[in-house]
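J.: I'd like to ask some things about the structure below.
The values are calculated or read from the model by the stated rules, or taken from the named source; none is laboratory data. These figures come from a predicted structure and were not determined experimentally. Here the Cβ positions follow ideal geometry from the backbone for every residue, glycine too, while neighbour counts run over all protein chains shown.
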């Protein structure tokens, strides 16, 4: 031990970080070790379209380059530039969101989530988060020292929220509910009836709704997206979206929040959000010029994006039906599938072994806070069909080797008609 370390001792991280987890990237540490050993990894873990055969639309790039040339390199207004804010407002109106009280531009939806939860929740209160959930919400709440309350998504009902649970078991100290549709990690799209009942529950219990709609323009089965805020203009709703997914610019970190509801009810909350926004100065000034270009410019790229995703979704579901001991609810939006493992093995151990033995990187379902006793993993199906075929064949081979005896018993039962 160095003399300096002996003098000052170890510098420990804050205790609040003990419960901060982010499984999507945590397992990538093991993948990096394998790459250093010379292994080639098929990465189906991170929802970054630009890692595959998708490209940022040229008119977005031109808008940012033009902003740089025009000298828009200083600080922006804390809530966002007027052009970006107005573009988001007009897009919200096109989706039926009328009672808009505040709009703000953030460094990705991640910052918007952090700001919205920090401005709202006090110690001893809770937030209703889906199970399974996108782990960002759990990580932010852990940082704030808040214990979330999970509400189930029902696999047998297409991963729709368990409304009966919310009716009867939601705690009285809940301040907000997180609603993610289209959903990450399951790919579910919530029905209009489900959204209306969620809005009614929020109205009755005085919950703020955090409506994560980042995948709203990536619904795959030609059904219209229904914005939750449009169904409940009187309910406090923060609609979250950004450029990362549908507009293929994840590295730009441009997101936004739209706070709607009755003006008098949401005013103190809006003031809290803007206090935090001022403290962090502003989101990137030149990159905000891409917001009006994205929302009001050509949309033709979305046709091709959805075509590719439909084909890759169908390929993924087909493989899941053919691989023994896997089943999968067909995703209807975004670019994720959440297959069920019909084994007794822990899903994190499964994911680690699959990575080590067959070099396919997926994320274990327990990293998304899945229901106890269930085992799933998340597949990102952004990759080209040939890559997906190779990955799924590797998964099939892995499962035959690992569970071969069980597979034979399963096949024998099928042959016996049992």
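J.: Looking for something within 26 Å of residue 350 (Cβ to Cβ), outside the structural domain of residue 71 (by TED's automatic domain parsing) and in contact (Cβ under 8 Å) with a residue 24 or more places away in the chain - is there at least one such residue anywhere in the range 293-308?
T.: No: the range 293-308 contains no residue that is within 26 Å of residue 350 (Cβ to Cβ), outside the structural domain of residue 71 (by TED's automatic domain parsing) and in contact (Cβ under 8 Å) with a residue 24 or more places away in the chain.
J.: What number of residues in the range 333-355 are touching a strand residue (DSSP E or B) at 6+ places or on another chain (Cβ under 9 Å), in contact (Cβ under 8 Å) with a residue 40 or more places away in the chain and part of a loop (DSSP other than H, G, I, E, B)?
T.: Result for the range 333-355: 4.
J.: Continuing with the same structure: Quick test for you: out of 249, 263, pick the one residue that is surrounded by fewer than 21 Cβ atoms within 10 Å (Cβ to Cβ), touching a strand residue (DSSP E or B) at 6+ places or on another chain (Cβ under 9 Å) and either over 22 Å from residue 227 (Cβ atoms) or in contact (Cβ under 8 Å) with a residue 60 or more places away in the chain (or both).
T.: 263
J.: Separate question: If you check residue 350 against the conditions, is it surrounded by 14 or more Cβ atoms within 10 Å (Cβ to Cβ) and closer than 15 Å to residue 185 by Cβ?
T.: no
J.: Scan the range 86-117 for residues that are over 19 Å from the mean Cα position of the chain (by Cα) and buried (at least 17 other Cβ atoms within 10 Å of the Cβ) and jot them down.
T.: Scanning the range 86-117 gives 87, 88, 91, 92, 95, 97, 99, 100, 101, 102, 103, 104.
J.: Still on this model: What's the total number of residues in the range 370-418 that are modelled with pLDDT of 95 or more and surrounded by fewer than 12 Cβ atoms within 10 Å (Cβ to Cβ)?
T.: Residues meeting the conditions: 1.
J.: Of the residues 124, 80, which single one is surrounded by fewer than 16 Cβ atoms within 10 Å (Cβ to Cβ) and in the same structural domain as residue 172 (by TED's automatic domain parsing)?
T.: 124
J.: Any residue at all in the range 94-101 that is assigned by TED's automatic domain parsing to the domain that holds residue 392, assigned to a helix (DSSP H, G or I) and free of Cβ contacts under 8 Å to residues at least 60 places away in the same chain?
T.: no
J.: Something else about it: Test residue 44 against the criterion of being buried (at least 18 other Cβ atoms within 10 Å of the Cβ), in the same structural domain as residue 367 (by TED's automatic domain parsing), in contact (Cβ under 8 Å) with a residue 24 or more places away in the chain and within 26 Å of the chain's Cα centre (by Cα), and give yes or no.
T.: Judged against the criteria, residue 44 is a match.
J.: Considering the range 260-286 alone, what residues qualify as being under 26 Å from the mean Cα position of the chain (by Cα) and not in a helix (DSSP H, G or I)?
T.: Within the range 260-286, 260, 261, 280, 281, 282, 283, 284, 285 qualify.
J.: For residue 151, state whether it is touching a helix residue (DSSP H, G or I) at 6+ places or on another chain (Cβ under 9 Å), assigned by TED's automatic domain parsing to the domain that holds residue 266, under 22 Å from residue 377 (Cβ atoms) and outside any helix (DSSP H, G or I).
T.: yes
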